[in-house]
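To start, the structure itself, in structure tokens.
The values are calculated or read from the model by the stated rules, or taken from the named source; none is laboratory data. Keep in mind that this is a model prediction, so the values were computed, not measured. Please note: Cβ atoms are built from the backbone with ideal geometry, for glycine as well, and neighbour counts cover all protein chains shown. With ligands, DNA and RNA removed, areas are computed over all heavy atoms of the protein, side chains included. Shrake-Rupley method; radii C 1.70, N 1.55, O 1.52, S 1.80 Å.
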Amino acid sequence: AYERRFPTCPLIPMFVASDTVSEYKSEDEAIHVIERRCKLDIDAPRLLKKIAGVDYVYFVQKNSLNRRERTLHIEAYNETFSNRVIINEHCCYTVHPDNEDWTCFEQSASLDIKSFFGFESTVEKIAMKQYTSNIKKGKEIIEYYLKQLEEEGITFVPRWTPPVACKLESSTSHARRPVSPAINIPDSATKEVLNSKEILNTSSSPSEPTAGTPDDKLDADYIKRYLGDLTPMQESCLIRLRQWLQETHKGKIPKDEHILRFLRARDFNIDKAREILCQSLTWRKQHQVDYILDTWNPPQVLQDYYAGGWHHHDKDGRPLYVLRLGQMDTKGLVRALGEEALLRYVLSINEEGLRRCEENTKVFGRPISSWTCLVDLEGLNMRHLWRPGVKALLRIIEVVEANYPETLGRLLILRAPRVFPVLWTLVSPFIDDNTRKKFLIYAGNDYQGPGGLLDYIDKEIIPDFLGGECMCEVPEGGLVPKSLYRTAEELENEDIKLWTETIYQSASVFKGAPHEVLIQIVDASSVITWDFDVCKGDIVFNIFHSKRAPQPPKKDSLGAHSITSPGGNNVQLIDKVWQLGRDYSMVESPLICKEGESVQGSHVTRWPGFYILQWKFHSMPACATTSLPRVDDVLASLQVSSHKCKVMYYTEVIGSEDFRGSMTSLESSHSGFSQLSAATTSSSQSHSSSMISR
């Protein structure tokens, strides 16, 4: 049935044509591998196609049918723009281990956009849209061809049998294959069933309880009082995810209400919810978000000019937050405070929102897990579209979306002016679809009519500036005095200060001046772990070992060993007279890390002594086949304004008996970084592993 979609498929309009590139069949006909070059007409804006200079894109697809193992593996990657965009997809049809009449289907894909003429965000959205569309139609297409085969009288295909000489050997090897039991808990929208029975695989271990077991239940009164209505499947997912956290997470275990938010954000897909929850927990630990309400006092500028605050609750008992965005000088706040202070203030607002939800749950006697936000746009104009201000807003949205899912119950946007559609066009692509459904937008005085504010907020608490009778203590905002503005250098120093209040350190890397960190190991088999973000430029990460300690860096900032800069320290430990292979040795292969990447990894030490972690400036390699530089290299070099890189890093030494190889405690979330793909590299020879997230 699958082969019938070639050379083209009418059910996939974008699939224009395909040509066979290579084909292989084994002598016993058990293996059939065919590689095709597929021509696709991507649904992209005409302007983008014109800029890119193409009308069609080409993918290479390799289908590997193994009749002996009864599997079909499908691998695909893009041929067009492969130096700018990397797309990899893998699909697999297998026989279910518990019932040979059932077929299982799994699908995964990764997307990495390096550069695309300044349209990276647009390409990302197009790719995700096309991929989501293909997932939804995949089962429909295969069932269409199955039905077509049935109409032709083909309802059974004889199973492959080996030649007589091979039967004994084949049956023996087949018996050795382990069979994993199935777990019937819905996992992913991309794992589908191709029979009338619903079979769904999961990557969970067999020891985990399945839905309906006696150990997988919550108290009914507890659910009704604190969590709300849950189906048995949703209840089971909550228990399993909480149990997994208790067994693997080293830090503070979040409350059930918080775990439930992440499950709801991913439609109770337990694997996806677990991934974003772990990233968020690590992010909270890194930036000490759990203590922000107790330890951080907002600058006076924010208290005076940030026109937002909490104001009673709505008719559903949700805490109500009022933001007078039209009266707020976003440009002035960014110039006076920088992005980091604004972001931290928004985080404190969200933390306060979580606390108020818990309080209201106790007061009203029913679960309240989200709040309502009322945004007044009276006064919004082109001043609010200042590019750095919009950039700061987008970053704040990205961080909040990643770490506070399902906390916004409703967003009421009032008095939207004519300029609002422009701002909405810039912001809306970064907001989750489920969140966007909660937006209610009113122009002019429409909020005063039927279906307006009175449907959601009691008349007694409507703020006075909206025509109500309740005095609202939210600051009125206004223009931030320019005397409070600070220079770019001062803001950069302040940003670093805010970052270094966490466990992370900042470092600058220059061409010819790497940054190095010394770690002394007393006991062999200790584990060195690292976690760093490449904030600016491209770097090469190295690990070296030496039996003798390097000389301490000189204290003067003008010396050859130590450089101090506003963007962080630069320390060089390896003496220029040292020779690689004689005075010190490389224990890991160099790892090239691009701007925007987050890297986590570990190294199990073989010998005691001194280990040096090095971040070195990465120079663009010369083209191997010609003396002329490539176009991409020239464009990349033009984008680098100086020979300076910047990293934020954290290192730790752990005893081997205490180390968890999964790196659970170091799986970093990347506020401000796109998370489209992840690649893992490991070296069993050197007992090390690293993970890069783009």
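Structure summary
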item	result
Check on ILE563, modelled with pLDDT of 80 or more and either in contact with a Phe, Trp or Tyr (Cβ under 8 Å, 6 or more places away or on another chain) or outside any strand (DSSP E or B) (or both)	no
Residue selected from the range 393-416 under the condition in contact with a Leu (Cβ under 6 Å, 6 or more places away or on another chain) and over 24 Å from ALA273 (Cα atoms), by the criterion least open to solvent (accessible area, probe 1.4 Å)	LEU412
Condition check for ILE126: under 19 Å from LYS39 (Cα atoms) and in a strand (DSSP E or B)	no
Any hit, the range 252-266, residues being crowded, with 21+ Cβ neighbours inside 10 Å, among the hydrophobic types (A, V, I, L, M, F, W, C) and more than 29 Å from the chain's Cα centre (by Cα)	no
Among (1) of a type outside the set (A, V, I, L, M, F, W, C); (2) under 14 Å from TYR649 (Cα atoms); (3) at pLDDT 80 or above - the single one SER598 does not satisfy	(3)
Meets criteria (modelled with pLDDT of 90 or more, in the same structural domain as ASN88 (by the TED database) and open to solvent by 60 Å² or more (accessible area, probe 1.4 Å)) for TYR24	yes
Tally, over the range 307-334, of residues that are in a strand (DSSP E or B) and open to solvent by 50 Å² or more (accessible area, probe 1.4 Å)	3
Residue tally, condition assigned to a loop (DSSP other than H, G, I, E, B), open to solvent by less than 50 Å² (accessible area, probe 1.4 Å) and out of contact with any strand residue (DSSP E or B) (no Cβ under 6 Å at 6 or more places or on another chain), over the range 463-480	3
Test result for ASP304, assigned by the TED database to the domain that holds GLU401 and part of a helix (DSSP H, G or I)	yes
Enumeration of residues in the range 71-87 that are open to solvent by 30 Å² or more (accessible area, probe 1.4 Å), free of Cβ contacts under 8 Å to residues at least 40 places away in the same chain and in contact with a Ser or Thr (Cβ under 9 Å, 6 or more places away or on another chain)	HIS73, GLU75
Number of the condition not met by GLY512 [criteria: (1) open to solvent by 70 Å² or more (accessible area, probe 1.4 Å); (2) on the phi < 0 side of the Ramachandran plot; (3) more than 32 Å from the chain's Cα centre (by Cα); (4) at pLDDT 85 or above]	(2)
Residue match in the range 281-289 (condition: closer than 27 Å to VAL363 by Cβ, surrounded by 16 or more Cβ atoms within 10 Å (Cβ to Cβ) and more than 18 Å from the chain's Cα centre (by Cα))	yes
Residue match in the range 445-454 (condition: open to solvent by less than 30 Å² (accessible area, probe 1.4 Å), assigned by the TED database to the domain that holds ASP304, within 30 Å of ARG274 (Cβ to Cβ) and under 36 Å from the mean Cα position of the chain (by Cα))	no
Residue under evaluation VAL322, criteria (1) in contact with a His (Cβ under 6 Å, 6 or more places away or on another chain); (2) modelled with pLDDT under 90; (3) among the β-branched types (Val, Ile, Thr), criterion not met	(2)
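Condition check ((1) at pLDDT below 80; (2) within 23 Å of CYS645 (Cβ to Cβ); (3) under 31 Å from the mean Cα position of the chain (by Cα); (4) surrounded by fewer than 20 Cβ atoms within 10 Å (Cβ to Cβ)) across all residues:
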site	(1), (2), (3), (4)
ASP533	yes, yes, yes, no
VAL540	no, yes, yes, yes
PRO553	yes, yes, no, yes
LYS576	no, yes, no, yes
SER585	no, no, no, yes
LEU591	no, yes, yes, yes
GLY609	no, no, no, yes
TRP615	no, yes, yes, no
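Okay, residues lined up against (1) in a loop (DSSP other than H, G, I, E, B); (2) at pLDDT 50 or above; (3) open to solvent by less than 30 Å² (accessible area, probe 1.4 Å); (4) in the same structural domain as ASP267 (by the TED database):
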site	(1), (2), (3), (4)
TYR131	no, yes, no, no
TYR145	no, yes, yes, no
VAL157	yes, yes, no, no
LYS167	no, no, no, no
SER171	no, no, no, no
PRO206	yes, no, no, no
ALA211	yes, no, no, no
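Yes/no matrix, rows are residues, columns are (1) free of Cβ contacts under 8 Å to residues at least 60 places away in the same chain; (2) part of a helix (DSSP H, G or I):
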site: ALA341; (1), (2): no, yes
site: LEU354; (1), (2): no, yes
site: LYS362; (1), (2): yes, yes
site: LEU374; (1), (2): no, no
site: ALA392; (1), (2): no, yes
site: GLY409; (1), (2): no, no
